[in-house]
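The values are calculated or read from the model by the stated rules, or taken from the named source; none is laboratory data. Keep in mind that what you see is a predicted model, and the values were worked out from it rather than measured. Note that each Cβ is placed from the backbone with ideal geometry, even for glycine, and that neighbours are counted across all protein chains shown. Heads up: the accessible areas ignore ligands, DNA and RNA and are worked out on the full protein's heavy atoms, side chains in. Shrake-Rupley method; radii C 1.70, N 1.55, O 1.52, S 1.80 Å.
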Amino acid sequence: MQAYRGKTIEEVIQLLAKYKGKIIAGGTDLIIDLRNGKLTSDTLIDISSIEELRRVEEYDETINIGAATTFTQIIENPLFQENLYGLKRACNTVGSPQIRNKGTIGGNIANGSPAADSIPPLLCLDSIIVLESIKGKREIGLEDYYKDNISIKEDELIISVQFKKPDKGQILSFAKLGLRKALAISRLSIATLLELDENNKVKTIKIASGSLGRYPMREPIVEEFLLGRELTVDVTDKAVKVLQQVMGERLGGRSTLPYKRIAVERIFKEALGDGLKRLKGVEIW
Ligand SMILES: Cc1cc2nc3c(=O)[nH]c(=O)nc-3n(C[C@H](O)[C@H](O)[C@H](O)COP(=O)(O)OP(=O)(O)OC[C@H]3O[C@@H](n4cnc5c(N)ncnc54)[C@H](O)[C@@H]3O)c2cc1C
C-alpha cells in the first residue's frame, strides 16, 4: 500500500487521476474500512494538510465550507452561533471530542450514512457540493446526491459544501436521539429551518431527517402541512402525525419502526421548539 500527502488541491487532482487512490481526510470512517479489509484501492491520498480545504469562507450571500474542515472547526466558528446554530449543534453531537477533532464535513458527506449528523441541517440550507477532477468542476445539489444516488467518481475530490446564508429571521435547529450519550451514531435526527411572518404563521419551513430512511432526506409533506399555519400545540401534534404516517410508509415492516414512531415525536418537537424559542422566546411544549 502506498500513501501520499497532498499539499495542494491541484496535486491531489493529479494523484487521483494517476492512481485512482482513496482520499483520506480525518480517517475516522476510512481506517475502520481499512482494518475490516473493505478498502478497494491500494493508494491513499491524504488531504488533511491542505489549508484551502480546511476553512470556512463567508461571502455576501453564501457560505463555503471546505471539505476537509473538521467538526471542531465548525463548532468553534462564530458564524455558526446565531441563526446557523443548528449546524453547530449537529457537529457538536458527532462522536467524541477526538472524532470531532479529526472527522470532516466532506468525509461525512462522502460516507453517505443515513445517520450522518451534519447532513440534515445542510439539506435544510439547500446546500450544494462542489467536486473537482482533472476534467474540471461540477456541482451537485446535496439533496439530489442522496436521492438520485449520484456517485462521486473515482478521480473526483469534494472541494466544498456551499449554501446561501439564511435570512435574519430564519433559524436553523437540530435535535438528535443517540443510542448512547457518548460516541452515539445518531439513530434519529431532525433539522428544521423556520421563519414566521408578522402574524406568527409559518412563512418558511424546511425539515430534514436522518435515519428515517435509506439516506438523510427532506420531508416535503410535513413542510407543506406546516406552511402558513400557526405553530400551536394542536398544529404541531398534527404535523407529528403526518411525519409518522410518511415514515411509516417509508420504513415499512422494519423492526425499528415502532420505536422510531414514538421517538420521532420528541425529536421533531425539540427541533421545532428550539427554532420557536430562538425566534420568539416562547416555549409551547
Ligand atoms: C467512534 C465513532 C463515532 C462516530 N460518531 C459519529 C456521529 O455521532 N455522527 C456522525 O455523523 N458520524 C459519526 N462517525 C463517523 C465519522 O466520524 C464521520 O462520518 C466523519 O465525518 C468522517 O470524516 P473523515 O474526515 O474522518 O472521513 P474519512 O474517514 O477520511 O473518509 C471517509 C470516506 O469519505 C471519503 N472522503 C473524505 N473526504 C473526501 C473528499 N474531500 N472528497 C472525496 N471523498 C472524500 C474517503 O475516501 C472515505 O471513503 C463516528 C465514527 C467513529 C469512529
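Considering 96, 173, 133, the condition of being open to solvent by less than 30 Å² (accessible area, probe 1.4 Å) and away from the ligand (no atom under 14 Å from the Cβ) is satisfied by 173 alone.
The sole residue among 15, 30, 87, 79 that is in contact with a Pro (Cβ under 7 Å, 6 or more places away or on another chain) and of a type in the set (A, V, I, L, M) is 87. Can you confirm whether residue 49 is among the small types (Gly, Ala, Ser), exposed (fewer than 13 other Cβ atoms within 10 Å of the Cβ) and closer than 27 Å to residue 117 by Cβ? Yes: the conditions hold for residue 49. In summary, residue 151 fulfils each of the numbered conditions (1) within 14 Å of the ligand (Cβ to nearest atom); (2) open to solvent by less than 60 Å² (accessible area, probe 1.4 Å); (3) small (Gly, Ala, Ser) with the single exception of condition (2). Residues in the range 213-236 that are open to solvent by less than 30 Å² (accessible area, probe 1.4 Å) and free of Cβ contacts under 8 Å to residues at least 60 places away in the same chain: 219, 222, 223, 226, 231, 235, 236. Determine whether residue 90 is under 27 Å from residue 153 (Cα atoms), assigned to a helix (DSSP H, G or I) and in contact with a strand residue (DSSP E or B) (Cβ under 7 Å, 6 or more places away or on another chain). In short, no. The residue that is farthest from residue 176 (Cα to Cα), counting only those in the range 83-93 that are within 12 Å of the ligand (Cβ to nearest atom) and in contact (Cβ under 8 Å) with a residue 24 or more places away in the chain, is 91. Among the residues making up the range 99-114, those that are within 17 Å of residue 158 (Cβ to Cβ), open to solvent by 10 Å² or more (accessible area, probe 1.4 Å) and more than 6 Å from the ligand (Cβ to nearest atom) are 112, 113. Out of curiosity, is residue 117 more than 10 Å from the ligand (Cβ to nearest atom) and either part of a loop (DSSP other than H, G, I, E, B) or acidic (Asp, Glu) (or both)? No; evaluated as a whole, the condition is false for this residue. All conditions but one from (1) in a helix (DSSP H, G or I); (2) within 20 Å of residue 116 (Cα to Cα) apply to residue 16; the one that does not is (2). State whether one or more residues within the range 71-82 are touching a residue at least 40 places away in the same chain (Cβ under 8 Å), of a type in the set (S, T, N, Q) and either closer than 26 Å to residue 139 by Cβ or within 8 Å of the ligand (Cβ to nearest atom) (or both). The answer is no, given that none of the residues of the range 71-82 is touching a residue at least 40 places away in the same chain (Cβ under 8 Å), of a type in the set (S, T, N, Q) and either closer than 26 Å to residue 139 by Cβ or within 8 Å of the ligand (Cβ to nearest atom) (or both).
Pairing each residue of the range 44-66 that is farther than 17 Å from residue 122 by Cβ and without any contact (Cβ under 8 Å) to a residue 60 or more places away in the chain with any residue that is of a type in the set (A, V, I, L, M) and loosely packed, with under 13 Cβ neighbours inside 10 Å, provided the two are 6+ apart or on different chains, yields C-beta distances under 8 Å for 44/1; 44/3; 45/3; 46/3.
On the stretch given as the range 237-249, residues that are open to solvent by less than 70 Å² (accessible area, probe 1.4 Å) and free of Cβ contacts under 8 Å to residues at least 12 places away in the same chain total 1.
Of everything in the range 24-60 that is in a strand (DSSP E or B), within 12 Å of the ligand (Cβ to nearest atom) and within 20 Å of residue 72 (Cα to Cα), the residue that is farthest from the chain's Cα centre (by Cα) is 46. As a summary of the residue check, residue 142 satisfies the conditions (1) closer than 22 Å to residue 243 by Cβ; (2) among the hydrophobic types (A, V, I, L, M, F, W, C); (3) in contact (Cβ under 8 Å) with a residue 40 or more places away in the chain except for the one numbered (3). Screening residue 199 on (1) open to solvent by 40 Å² or more (accessible area, probe 1.4 Å); (2) under 16 Å from residue 66 (Cβ atoms) shows it passes everything except condition (2). Scanning the range 61-81 for residues being in a helix (DSSP H, G or I) and open to solvent by 90 Å² or more (accessible area, probe 1.4 Å) gives a total of 2.
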